[in-house]
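Written out below as structure tokens is the structure these notes cover.
The values are calculated or read from the model by the stated rules, or taken from the named source; none is laboratory data. Quick caveat, the model's predicted, so the values are computed rather than measured. So basically every Cβ, Gly included, is an ideal-geometry build from the backbone, and we count neighbours across all protein chains shown.
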Amino acid sequence: MIFFLSLHNYSLSSKIIPKEYGLAEKDWGNPCANDAYRLPPENFSKDMINRLNRDIMMNDEIMNDEGKLLKYILYNYDKAVRPVINATTSVKIFLGLTLTHIFNIDERNQIMEVNIWVEQFWNDERIRWDPSDFGNITKLTLPTSCVWTPDLVIINNARDFSRGFVDTNLHITYKGEMQWAPPVKAHSLCKLDVRFFPFEDNICSIELGSWVYDKSQLEVLIVDREHGKNAFTIDSFMENGEWEIVNNRTISYTRQRNGLYSSIKFELHLRRRMLYFLYNIIAPCGMLSILTLFQFILPCESGEKITLGLTVLLAYSVFSFNIAESMPETSEAIPLIAIYLNAMMGISGLSVGFSVLVLNMQHKGDGITEVPKWIQKLCFNFLCKIVSIKFPPKINNIKTSDINNYRLTVSTNEFDVIRTKLKNESDMERLREDWHRVSIILDRFFFYFVLILTFLTSFILLIICPRYAQRAFDDV
């Protein structure tokens, strides 16, 4: 027994291994290796064993209290066994989470990438010591490879199912209380609702639990923090330029998978920051909408109404292609911003059609076609009042004095011909004037119609609909 104890102590102090013993440092120098039950090498003679024990005894005399404590608590310690005395006892793991940064939320692949600290607390019933025996040491730091640690994994992992925990040291107290808070760059699945993009709220979560131990062997519980703080804390969170945290909560779960398995879900209520999209999408759309209205202000005689309308429509098309990369690729729902862009493009196309109709009315004044009665009533009796257009009274271009002068100088037959010609010219001028006035009234009416339609579309899609995008945890 003396040899086994000495050999174990020897393995904890690789610095004194003499080369003549023929012991490899990789085998005997690991302070966390479970060497207590190793048999001595067959080539060890009795003299070599005595010399080995003598060297270890000399090393113990110069070892500090922390080194002695480490050897004490790890002697006969098996890290493959759960840290309970009674095998029927369930290990209680108290779990907390600290969010430090949101790297990215991938709408296309439905993945949230964050940096977190997984804070784990449990009690190892096999580790106890009296601080007075070891220089009043009440707390010790040691590698996780030395002791048992819970096999917690991210249940809703979006990448491989490796634990991904940074191999940091853990703290242990003289009562066996273990504390471990490794940082993790986690990739979790997050079902994103893109219907109201870019005004949406989303609920994303990180679920942690044991992959092997069921609830009868290991139970994950929510840690109680000081001052009633949430187990999911964001005190160390670095603000994200695209997302803001509205709320967060922690929920305990029990899942059925060939037995009952305990897990903890940490949920985040996220809201997208809209400034980027307002500046790069909404504002340019507003400018194009103003240009759409300008084509109704442009006079028909300029000949550029259709050109301006088609230019704006082409600008919408190019703009929609440019921002398509910013929108999530999904067929489950059409993003709100895509609906808005298509609506604005439709209004622009409708405006081009209205301009074609106005130009058609303008050029109908060929002096032959009469303005239909229903158009006269619609424009001169109804629309004219709506758009507040008043025309001066019509003046007969054929003066009576002119006719009398003709009577004095020409014969009756010639007079009838001249009178007929003047009357025809007057009728042609009247028809041209009527069609011109109809085109002016329709142009003004279409201006107000497109203005109101643009305003209502923008108000409904950009102000009313985003109000329904706001979600809560209970809406999940």
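Within the range 135-156, residues that are over 24 Å from Lys185 (Cβ atoms) and free of Cβ contacts under 8 Å to residues at least 60 places away in the same chain reach partners that are of a type outside the set (Asp, Glu) and in a loop (DSSP other than H, G, I, E, B) with beta carbons closer than 6 Å, at six or more positions or on different chains, in the pairs Thr138/Tyr174.
Is there a residue in the range 230-246 that is assigned to a strand (DSSP E or B), crowded, with 21+ Cβ neighbours inside 10 Å and in contact with a Pro (Cβ under 7 Å, 6 or more places away or on another chain)? No, that holds for no residue.
Here is the figure for the range 96-151: residues that are in contact with a strand residue (DSSP E or B) (Cβ under 6 Å, 6 or more places away or on another chain), in a strand (DSSP E or B) and not β-branched (Val, Ile, Thr) total 17. When the helices (runs of 4 or more DSSP H) confined to the range 352-459 are screened for residues that are within 23 Å of Leu298 (Cβ to Cβ), at pLDDT 75 or above and in contact with a helix residue (DSSP H, G or I) (Cβ under 9 Å, 6 or more places away or on another chain), those reaching at least 2 such residues are found at 412-459.
Counting just the residues of the range 315-351 that are at pLDDT below 80 and part of a loop (DSSP other than H, G, I, E, B), which one comes out nearest to Phe445 (Cα to Cα)? Among those residues, the one meeting the criterion is Met327. Note on the range 158-177: among residues that are more than 16 Å from Trp117 (Cα to Cα) and of a type outside the set (Gly, Ala, Ser), the one that is surrounded by the most Cβ atoms within 10 Å (Cβ to Cβ) is Ile172.
Each residue in the range 120-145 was checked for being among the basic types (Lys, Arg) and surrounded by 13 or more Cβ atoms within 10 Å (Cβ to Cβ), and 1 pass. Scanning the range 162-220 for residues that are of a type outside the set (A, V, I, L, M), in contact (Cβ under 8 Å) with a residue 24 or more places away in the chain and not in a strand (DSSP E or B) yields a count of 23. Every condition in (1) charged (D, E, K, R); (2) more than 32 Å from the chain's Cα centre (by Cα); (3) within 30 Å of Asn115 (Cα to Cα) holds for Arg273 except the one numbered (2).
Residue-by-condition table, conditions (1) surrounded by 15 or more Cβ atoms within 10 Å (Cβ to Cβ); (2) not charged (D, E, K, R):
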{"residue": "Glu267", "(1), (2)": "yes, no"}
{"residue": "Leu275", "(1), (2)": "no, yes"}
{"residue": "Ile281", "(1), (2)": "yes, yes"}
{"residue": "Leu298", "(1), (2)": "yes, yes"}
{"residue": "Glu304", "(1), (2)": "no, no"}
{"residue": "Ser317", "(1), (2)": "no, yes"}
{"residue": "Pro328", "(1), (2)": "yes, yes"}
{"residue": "Ser331", "(1), (2)": "no, yes"}
